[in-house]
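Encoded as structure tokens, the structure appears first; notes follow it.
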């Protein structure tokens, strides 16, 4: 049986900051909902590097990226790049779906 290298999942500091800011806002309104969203976002992110790859997302608005809407009850989209050779992923943004991406990117 051959040994397989696990795929790497990295979060860009901007994506971590966006997620933390959004979850803090939701936690003030409804801590239980914020926890459910955090869990769903982490699971969606992990699905990007699952073996075999179960989720590939859709082509991104920005060239070279892909997008994965997290779920119907979780209004976030993960914007990422996948290394086609290794399957490793880097999440660049965790954007609320009400934002205008990429024009709101620097707000």
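The values are calculated or read from the model by the stated rules, or taken from the named source; none is laboratory data. This is a predicted model, so every value here is computed, not measured. As a convention, Cβ positions derive from the backbone with ideal geometry for all residues, glycine included, and neighbour counts pool all protein chains shown.
Summary of computed values
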read-out: Selection within region 65-94 - surrounded by fewer than 18 Cβ atoms within 10 Å (Cβ to Cβ) and in contact with a helix residue (DSSP H, G or I) (Cβ under 6 Å, 6 or more places away or on another chain); value: 71
read-out: Selection within region 21-32 - in a helix (DSSP H, G or I) and over 16 Å from the mean Cα position of the chain (by Cα); value: 24, 25, 26, 27, 28, 29, 31, 32
read-out: Boolean, residue 73 is closer than 25 Å to residue 7 by Cβ and at pLDDT below 95; value: no
read-out: Of all residues making up region 18-49, the number that are in contact (Cβ under 8 Å) with a residue 40 or more places away in the chain and surrounded by fewer than 14 Cβ atoms within 10 Å (Cβ to Cβ); value: 0
